[in-house]
Amino acid sequence: NAKKRKINRKNLNTLDVDRDNPLKGKLIIQMFEKVSTRTRLSFYIAIKQLGGSALTLRSDELHLAKGESLADTAKILSTYGNAFMLRTDSDEKLKEFKKHINIPIINGLSPSSHPTQVLSDIFTIEEIKKKPISKLNICWIGDANNNVINSLIVASVKFSFNLNIGCPKKYEPKKPLLSWVKKNRGKIYIFNDVKKAANNADVIFTDKVISMNDKINKAKKIKDFRNFTVTTKIIDCAKKDVIFLHCLPRGSEVSNEVFLGKHSKVWLQALNRVYLQKSILLYCLDKL
Ligand code: CP
Ligand code: NVA
């Protein structure tokens, strides 16, 4: 669906509505407790292209921040909106909203997961490689304990692809997640050596060493990752036509040469979030 809609609007302007106008009159309310550039813009453009509209809120401009209950807030959001997208600093809050809200709720990044990002990245990979992701070797270098890799791990089981992870011992994925992978016959291989992890990869991902929600000694963490930077040496261990992806924003985990080099598809990756968000919205509103 995302691909079809993308192709169908080749000559249209950013805010022109898709010909079938499927979400005409619908309102998505999106609320951010953390900064966001891509998620905010892509959801806004996505709903506009589907014929609806978006209202973007900062959590601190709601009475919720001054003591109105979450349950009442959720009730009000359900009264006015057709879908609710939340970027939150608390997984608990996401669960609470889910409990009280009567409209579809979308996780726009939480401390533990970033599902809309990973779905979009799978779309980008399959678009470029012209193959189902289950036929590809995916490699993740860097912090293996953050929201993006958690969602990628879950996706590796759901979409059945090989996932090599290259990270320092201390930053390996958490035990309960690994046990879940094992139980579900996931194909995840963990290395503490970057070159081994990158061997034969079709796709190399990385993400910032310091995530928005990290409440740790940042200088120490950055030092722990000094041998886990994605450089051309790492790219050379992978397949010749390997692609490099990064959800952005970036930090010191990738060299400029790789980030701006010929293997990098980061700008297309960011753009494709618009097309995947459209499928998410259509799915949530029963129009897929
Ligand atoms: N990749 C991503 O989610 O970017 P933003 O934090 O800018 O939304
Ligand atoms: N892991 C990063 C992703 C940003 C889109 C963070 O949580 O800050």
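Points worth noting:
- Cross-chain or 6+ apart pairs with Cβ under 6 Å, segment 174-201 first and more than 18 Å from Leu136 (Cα to Cα), then part of a helix (DSSP H, G or I) and of a type in the set (Lys, Arg): Asn192/Lys169
- For segment 7-19, a residue qualifies if it is exposed (fewer than 12 other Cβ atoms within 10 Å of the Cβ) and of a type in the set (A, V, I, L, M, F, W, C), and the qualifying residues are Ile7, Leu15.
- In the set (1) hydrophobic (A, V, I, L, M, F, W, C); (2) within 15 Å of ligand 1 (Cβ to nearest atom); (3) over 27 Å from Ile234 (Cα atoms), Ile103 fails one condition alone, (2).
- Test: residue in segment 158-168 that is within 16 Å of ligand 2 (Cβ to nearest atom) and farther than 30 Å from Glu68 by Cβ: yes
- Those strands (runs of 3 or more DSSP E) of segment 20-124 in which at least 1 residues are free of Cβ contacts under 8 Å to residues at least 40 places away in the same chain, surrounded by fewer than 19 Cβ atoms within 10 Å (Cβ to Cβ) and more than 16 Å from ligand 2 (Cβ to nearest atom), considering only elements entirely within it, cover 53-58.
- Of the residues making up segment 155-206, those that are of a type in the set (S, T, N, Q), under 20 Å from Asp241 (Cβ atoms) and in a loop (DSSP other than H, G, I, E, B) are Asn199, Asn200.
- Among (1) among the hydroxyl-bearing types (Ser, Thr, Tyr); (2) away from ligand 1 (no atom under 16 Å from the Cβ); (3) part of a loop (DSSP other than H, G, I, E, B), the one test that Ser211 misses: (2)
Each row is one residue, and each column tells you yes or no for (1) among the charged types (D, E, K, R); (2) within 20 Å of Pro115 (Cα to Cα); (3) surrounded by 14 or more Cβ atoms within 10 Å (Cβ to Cβ).
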residue: Ser160; (1), (2), (3): no, yes, yes
residue: Tyr171; (1), (2), (3): no, no, yes
residue: Leu178; (1), (2), (3): no, yes, yes
residue: Asn184; (1), (2), (3): no, yes, no
residue: Lys187; (1), (2), (3): yes, yes, yes
residue: Phe191; (1), (2), (3): no, no, yes
residue: Val194; (1), (2), (3): no, no, yes
residue: Asn199; (1), (2), (3): no, no, yes
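- Checked against the criterion of being within 16 Å of ligand 1 (Cβ to nearest atom), touching a residue at least 12 places away in the same chain (Cβ under 8 Å) and outside any loop (DSSP other than H, G, I, E, B), the candidates Ile149, Ile138 yield just one match: Ile149.
- Residue among Leu119, Leu136, Leu70 that alone is at pLDDT 95 or above, in contact with a Leu (Cβ under 6 Å, 6 or more places away or on another chain) and of a type in the set (A, V, I, L, M, F, W, C): Leu119
- Within segment 250-288, considering residues that are of a type in the set (Ser, Thr, Tyr) and touching a residue at least 12 places away in the same chain (Cβ under 8 Å), the one surrounded by the fewest Cβ atoms within 10 Å (Cβ to Cβ): Ser252
- Qualifying position, being in contact (Cβ under 8 Å) with a residue 24 or more places away in the chain and touching a Pro at 6+ places or on another chain (Cβ under 8 Å), among Ile204, Ile165: Ile165
- A count restricted to segment 190-220 and to residues that are in contact with a helix residue (DSSP H, G or I) (Cβ under 8 Å, 6 or more places away or on another chain) and hydroxyl-bearing (Ser, Thr, Tyr) stands at 1.
- Count - residues of segment 125-148 that are among the polar types (S, T, N, Q) and buried (at least 18 other Cβ atoms within 10 Å of the Cβ): 3
- When segment 215-249 is limited to residues that are at pLDDT below 95 and within 16 Å of ligand 2 (Cβ to nearest atom), the one that is surrounded by the most Cβ atoms within 10 Å (Cβ to Cβ) turns out to be Lys218.
The values are calculated or read from the model by the stated rules, or taken from the named source; none is laboratory data. Worth saying up front: this structure is predicted, and the values here are computed from it rather than measured. So basically every Cβ, Gly included, is an ideal-geometry build from the backbone, and we count neighbours across all protein chains shown.
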